Amino acid sequence: MESPMSARHALRMRSLSRPAHPPGAGGHSPVLIRLAQIVPFAIILVGLIIELTPAHFLYTGPLLTAMPALASLTMGRNGILSAAAGALSVTAISATLHSSWGQGQAASNILGLIVVTSASVITSNAVHGRRQSELNQVRRIAVAAQEVILRPVPGRLDSVRAASMYLAAEAGAQIGGDLYEAVPTRYGVRMIVGDVRGKGLPAVRAAAVVLGAFREAVHYEDELVEVMNHCAAALRREGIVADCPEADGAREDPGDGLVESEAESFVTALLAQVPDSHVVLVVNRGHPPPLRLHHGTAEELAPASPLPPLGLDAFITGPPAKADSYVFEPGDRLLLHTDGVVEARDAEGRFFPLPEAAESAPAGCTPPEFLEALHRELIRHTDGRLADDVAMLVVDRLGEAADAPPREEGAGRP
């Protein structure tokens, strides 16, 4: 039987599959790729027209023989075989119409088609296999990076039960700019969910900086706002965000050489704290508000005074921010998530109805079961195609009996 920790780990590592790019299509416009895929069949059609008109004196054999090789540049095995079948059909039609079967010309054309098609299929399979091997290596590296940055959330943290899930939208990667963490402290259970603008190595670096600052500050900062300020300072210290949003200079990231405007670098983040009292404290910096389920009814905990994301601190003009407090009683459930959840669209462009999906989850389900139910609804709504990464962290407030530590056997007896 699978252990709870391995089950949580498998749940967290779940990702939606996306169709792989066709061979030779990486990084190019889909329209240009489609046009390139049409070219071999257009040439085959031209050859057929030549053979059916007075221009049949033109020798189309070498042209048709090359079509499988041309198709292999933009298509896989099926495309190569389709081009070969078309070229073979034109060759057979030409030999039949012009009674050239006995002259050896048709046989040489067919033999050339077989050789070129076989070589094209073998080469295409070898290239596809090498790309798949490289993709698998990238996935293994991404999983290792996720293990370091996004650690599994324990199933029990003091007075709450917890679970987390990360769904990657980027094909070939298991980690992007989303982040989450939950840590038990002397102030209660403190949690973070965030979303770094952008993808790739710069986003991974920013997520690591924010999580590192959070994991350090949660244990000694009395105020939740100060924990958020510590994360913002860490981003500025590492040069990931600018000190002033009006800065319009570009910088070069030393990690991967990507140039990005500092004015456009920011991180949305949300901190939540579940203390011993029946409340939850929330500090929101430009992030989608968390969802609280109270007696089966979902409610967004919108901030009283909206604040800009980390990295845009100069836009804060009011008094120092304070944490918002909301009722969080035993039996209540709190869902922290990134915008990839609420901005997921169906085929008609409609956003994912998160409150309705949360309310429709089976009554009495555990946090991992709750996330699994949301996962199924996301798959159904988007038809398995996420446009952005998704991170979700859910906690259940336990009752007083569950909060109390277990008594040792025989304790309290006379």
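The values are calculated or read from the model by the stated rules, or taken from the named source; none is laboratory data. Please read all numbers here as calculations on a predicted model, not as lab measurements. Cβ coordinates were reconstructed from backbone atoms using ideal geometry, including for glycine residues, and neighbour counts include every protein chain displayed. Surface areas here come from the heavy atoms of the whole protein model, side chains and all, with no ligands, DNA or RNA. Shrake-Rupley method; radii C 1.70, N 1.55, O 1.52, S 1.80 Å.
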Within the stretch 178-233, the count of residues that are among the basic types (Lys, Arg) and open to solvent by less than 40 Å² (accessible area, probe 1.4 Å) comes to 1
Filter the stretch 331-340 for residues that are touching an Asp or Glu at 6+ places or on another chain (Cβ under 9 Å) and surrounded by 15 or more Cβ atoms within 10 Å (Cβ to Cβ); the one that is nearest to GLU223 (Cα to Cα) is LEU334
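Run down SER265, SER277, SER305 and say which single residue is closer than 26 Å to ALA234 by Cβ and open to solvent by 40 Å² or more (accessible area, probe 1.4 Å). Break it down stepwise before answering.
Numbers: SER265 fails: open to solvent by 40 Å² or more (accessible area, probe 1.4 Å); SER277 fails: closer than 26 Å to ALA234 by Cβ.
That would be SER305, the only listed residue that is closer than 26 Å to ALA234 by Cβ and open to solvent by 40 Å² or more (accessible area, probe 1.4 Å).
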Of (1) open to solvent by less than 40 Å² (accessible area, probe 1.4 Å); (2) not in a loop (DSSP other than H, G, I, E, B), VAL39 satisfies every one except (1)
If we ask which residues in the stretch 54-85 are in a helix (DSSP H, G or I), among the small types (Gly, Ala, Ser), open to solvent by 20 Å² or more (accessible area, probe 1.4 Å) and touching a helix residue (DSSP H, G or I) at 6+ places or on another chain (Cβ under 7 Å), their number turns out to be 1
message = Tell me whether the stretch 266-287 contains one or more residues that are within 23 Å of the chain's Cα centre (by Cα) and of a type in the set (Val, Ile, Thr).
response = yes
Log entry, pairs with first residue in the stretch 307-325 being closer than 20 Å to VAL193 by Cβ and assigned to a helix (DSSP H, G or I), second being modelled with pLDDT under 90 and of a type in the set (Val, Ile, Thr), beta carbons closer than 9 Å, six or more apart or on different chains, reads ASP313/VAL241
Within the stretch 149-157, does at least one residue satisfy the condition of being buried (at least 16 other Cβ atoms within 10 Å of the Cβ), at pLDDT 75 or above and assigned to a strand (DSSP E or B)?
yes
Only one of (1) surrounded by 15 or more Cβ atoms within 10 Å (Cβ to Cβ); (2) at pLDDT 80 or above; (3) charged (D, E, K, R) does not apply to GLU170, and that is (2)
Residue pairs within 6 Å by beta carbon, gap of at least six or interchain, first lying in the stretch 63-79 and among the charged types (D, E, K, R), second open to solvent by 20 Å² or more (accessible area, probe 1.4 Å), listed first then second, are ARG77/VAL121
Scanning the stretch 282-306 residue by residue, those touching a residue at least 60 places away in the same chain (Cβ under 8 Å) and hydrophobic (A, V, I, L, M, F, W, C) turn out to be LEU291, LEU293, ALA298
Within the stretch 182-224, of all residues that are in contact (Cβ under 8 Å) with a residue 60 or more places away in the chain, of a type in the set (D, E, K, R) and not in a loop (DSSP other than H, G, I, E, B), the one farthest from LEU334 (Cα to Cα) is ASP195
Notebook entry, point to check: Can PHE352 be described as of a type in the set (Phe, Trp, Tyr), surrounded by 14 or more Cβ atoms within 10 Å (Cβ to Cβ) and under 20 Å from VAL274 (Cα atoms)?
Noted result: no
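Looking at the stretch 359-372, which of its residues are in a helix (DSSP H, G or I) and open to solvent by less than 80 Å² (accessible area, probe 1.4 Å)?
Passing the criteria: PRO367, PRO368, PHE370, LEU371, GLU372.
Of the residues ALA144, ALA95, which single one is modelled with pLDDT under 90 and surrounded by 15 or more Cβ atoms within 10 Å (Cβ to Cβ)?
After ruling out the rest, the residue left standing is ALA95.
Does GLY296 satisfy the criteria of being modelled with pLDDT under 95 and touching a Pro at 6+ places or on another chain (Cβ under 8 Å)? Before you say what the answer is, go through the steps one by one.
Working: modelled with pLDDT under 95: yes; touching a Pro at 6+ places or on another chain (Cβ under 8 Å): no.
Considered against the rule, which asks whether it is modelled with pLDDT under 95 and touching a Pro at 6+ places or on another chain (Cβ under 8 Å), GLY296 comes out as no.
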The correct count of residues that are in a helix (DSSP H, G or I) and more than 26 Å from VAL196 (Cβ to Cβ) in the stretch 373-400 is 4
When every residue in the stretch 86-131 that is touching a helix residue (DSSP H, G or I) at 6+ places or on another chain (Cβ under 8 Å) and not in a helix (DSSP H, G or I) is compared, the one farthest from PRO54 (Cα to Cα) is SER100
